[in-house]
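Structure first, commentary second.
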């Protein structure tokens with residue numbers, strides 16, 4: 001199934017022991033979507049997690065993401 005998807009854009013973000021990938025893809029039907037992947041080392045192998053957000057959901061996803069980021073930075077841990 002993966003071979004039926006066209007990759008339009010990718011951004012690799014190394015972050016400590018993890019690497020994040022932001023990929024914009026297009027399905028065979030022409031629908032664009034964002035795929036966010038995480039890769040992390042687990043012993044001698046790598047674990048991968050992925051979430052896909054389709055174009056019609058991106059604006060509401062972005063609103064939720066921005067609220068979560070704002071909350072994290074406005075409510076820092078007492079230990080920091």
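Each value in this text was obtained by applying a stated rule to the coordinates, not by laboratory testing. Not measured: the values here are computed from a predicted model. Backbone-built Cβ (ideal geometry, glycine too); neighbour counts: all protein chains shown.
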Does at least one position in the range 35-43 carry a residue that is out of contact with any strand residue (DSSP E or B) (no Cβ under 8 Å at 6 or more places or on another chain) and under 24 Å from residue 62 (Cβ atoms)?
-> no
When you scan the range 26-53, how many residues do you find that are assigned to a loop (DSSP other than H, G, I, E, B), closer than 20 Å to residue 8 by Cα and either touching a residue at least 40 places away in the same chain (Cβ under 8 Å) or out of contact with any helix residue (DSSP H, G or I) (no Cβ under 9 Å at 6 or more places or on another chain) (or both)?
-> 2
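Quick one: is residue 56 outside any loop (DSSP other than H, G, I, E, B) and under 25 Å from residue 26 (Cβ atoms)?
Here the answer is yes, as residue 56 does meet what is asked.
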